[in-house]
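Everything on this sheet refers to the single structure shown next.
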Amino acid sequence: MAEEREETDIQKVLELLSFQATIHLTRGYQTMEETRKLVEEIGVVVRIGDGLTLLHIAAQSNRIDVADYLLEKEHPLEMKTKVGETPLDQACWVGSVDVALALLKAGADPNCQTQMGYSPLHRCAFYDHPELAYHLLKHCANPDLKDFTEKQTPYEVAVTKGNRQMEEILKPGTTLPQIEEILKKYEAIKRAAIRGEEE
């Protein structure tokens with residue numbers, strides 16, 4: 001009897017490890033049911049690979065349903081990977097506006113920096129996510145933070161990368177109302193380009 005129970009416990013651990021490996025390999029394609037199962041089995045904070053949590057993975061894959069569930073379960077907002085990335089960093093890396101907004105509304109720090117000094121605004125400048133940059137600035141992101149290696153502000157990163165819209169948004173002295181106009185202007189250009197392709 002004890003041997004049978006021990007075998008069942010080992011089987012549960014193996015199933016759980018297999019489930020974690022599946023999440024790690026698929027990088028965020030877990031279902032809500034799988035997420036709930038994992039949270040119920042071992043708690044809300046699960047570290048995978050290089051320190052990713054389920055909230056990091058939800059941010060990477062723009063899974064607002066998973067992010068909302070984890071935030072409801074009080075998942076810590078500022079947990080960092082081995083290189084110092086928070087879930088908000090991950091959302092800004094991939095341009096996950098919905099998850100980033102949920103994190104910011106829950107109180108995530110828009111000025112967190114990785115071990116190399118990159119802030120969420122640096123990520124937006126590098127990967128060209130203007131709408132997300134606007135929301136970060138609305139939540140008091142500091143556009144003057146410099147990374148630790150190149151000593152660049154997000155504006156300087158945008159210039160280096162040639163991301164023109166980001167340059168306009170992050171140019172020192174640009175106000176939030178001006179940024180809103182910049183976003184509208186580029187959206188109109190994008191719509192006109194799409195209409196031109198359709199004709």
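Just so you know, all these numbers are worked out from the coordinates, no wet-lab data involved. Because the structure is predicted, anything quoted here is derived from the model rather than measured. Please note: Cβ atoms are built from the backbone with ideal geometry, for glycine as well, and neighbour counts cover all protein chains shown.
Residue exposure proxy: 126, 148, ordered by other Cβ atoms within 10 angstrom of their Cβ from fewest to most, comes out as 148, 126.
Pairs with C-alpha atoms separated by more than 21 Å, drawn from the list 37/105; 82/161; 105/184; 80/105; 73/105, are 37/105; 82/161; 105/184.
Extension gain, residue 142-residue 73: 0.36 nm per intervening residue step, less the Cα-Cα distance, totals 21.9 nm. Placing a pseudo-label 7 Å from each Cα along the Cα-to-Cβ vector at residue 164 and residue 197 gives an inter-label distance of 1.7 nm. Sorting 155, 127 from the fewest to the most surrounding beta carbons within 10 angstrom yields 127, 155.
Per-residue Cβ neighbour counts within 10 Å put 116, 166 in the sequence 116, 166, beginning with the fewest.
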